[in-house]
Amino acid sequence: MTEWFTGAWDATSHFFTEMPWSMWSVWLLTICLLIVGLIGSVVPFLPGPLLIFAAGIVHTVLRPESAMSAWGIVLLALLLVIAYVLDFVSGAMGARWFGASRWGIAGVFVGGIVGMFFVPFGLVLGPLIGGVAFELIFAKKRLQPAAKSAWGSLLGTGVGLVLRLVISFAMIATFLLDALVW
């Protein structure tokens, strides 16, 4: 019986002394960044796609043995830019589709920029308030058409959020395929 305990103890101690802890710590850091980035794709105050991009870069720098290729990093950067452009433009496109004027679209942009400073509610309320205010003040519209274009802004922002989530999944898949397969 003691031989079994001795053998199990030797195997366990050998496992932990020979374990490449640097590899596990880099992968743990990378996976944590990927998970927080995916959460940040839907939570307003976390820069989700940026964290996923950072996970790829950090993993490449810290673990060259399983680093991403240059094309993988370029693809991640391209997806990052697309995610933020879609996120920024989606509210204005939704407002335009629901009949907003140029003033309403400008209000959506201004409200979105101002709303970034009042996270998390400002990201939703900023474009809405900006669109309605610009439609009422500058485009001289009545409340109902101004509210309709603001509703389009909210709908466009929701579609942008879904697209950002899809792009974030694509970024994670790109990283995993590049680091593990290619």
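The values are calculated or read from the model by the stated rules, or taken from the named source; none is laboratory data. This structure is a prediction, so every number in the text was calculated from the model and none was measured. We place every Cβ from the backbone using ideal geometry, glycine too, and count neighbours over all the protein chains shown.
Here are some notes:
- Selection from region 141-153 of residues that are of a type in the set (Lys, Arg) and buried (at least 17 other Cβ atoms within 10 Å of the Cβ): Lys141, Lys148
- Yes/no for Ala100 being among the small types (Gly, Ala, Ser) and without any contact (Cβ under 8 Å) to a residue 40 or more places away in the chain: no
- Unmet requirement for Ile57, which otherwise passes all of (1) out of contact with any helix residue (DSSP H, G or I) (no Cβ under 6 Å at 6 or more places or on another chain); (2) of a type outside the set (D, E, K, R); (3) surrounded by 14 or more Cβ atoms within 10 Å (Cβ to Cβ); (4) in a loop (DSSP other than H, G, I, E, B): (4)
- Tally of residues being assigned to a helix (DSSP H, G or I) and either exposed (fewer than 10 other Cβ atoms within 10 Å of the Cβ) or not small (Gly, Ala, Ser) (or both) across region 12-52: 25
- Qualifying position, being without any contact (Cβ under 8 Å) to a residue 24 or more places away in the chain and either part of a loop (DSSP other than H, G, I, E, B) or buried (at least 16 other Cβ atoms within 10 Å of the Cβ) (or both), among Phe175, Phe117: Phe117
- Condition met for Phe138 (modelled with pLDDT of 85 or more, in contact with a Phe, Trp or Tyr (Cβ under 7 Å, 6 or more places away or on another chain) and surrounded by fewer than 22 Cβ atoms within 10 Å (Cβ to Cβ)): yes
- Of everything listed in (1) in contact with a Phe, Trp or Tyr (Cβ under 7 Å, 6 or more places away or on another chain); (2) among the small types (Gly, Ala, Ser); (3) surrounded by fewer than 18 Cβ atoms within 10 Å (Cβ to Cβ); (4) at pLDDT below 85, the single unmet condition for Ser69 is (4).
- Scanning region 1-54 for residues that are at pLDDT below 75 and either among the charged types (D, E, K, R) or closer than 20 Å to Ser66 by Cα (or both) gives Glu18, Met19, Trp21.
- Residue within region 94-104 that is within 29 Å of Gly37 (Cβ to Cβ) and crowded, with 17+ Cβ neighbours inside 10 Å present: yes
- Residue match in region 146-169 (condition: assigned to a helix (DSSP H, G or I) and among the basic types (Lys, Arg)): yes
- Filter pass, Phe88 being closer than 24 Å to Trp151 by Cβ and without any contact (Cβ under 8 Å) to a residue 24 or more places away in the chain: no
- Single match in Val159, Val114, Val124 (criterion: of a type outside the set (Gly, Ala, Ser) and under 15 Å from the mean Cα position of the chain (by Cα)): Val159
- Close pairs (7 angstrom Cβ cut-off, 6 or more residues apart or separate chains): under 10 Å from Gly94 (Cα atoms) in region 134-155, part of a loop (DSSP other than H, G, I, E, B) and modelled with pLDDT under 85 anywhere: Ser149/Phe98; Ser149/Gly99; Ser149/Ala100; Trp151/Phe98; Gly152/Phe98; Gly152/Ala100
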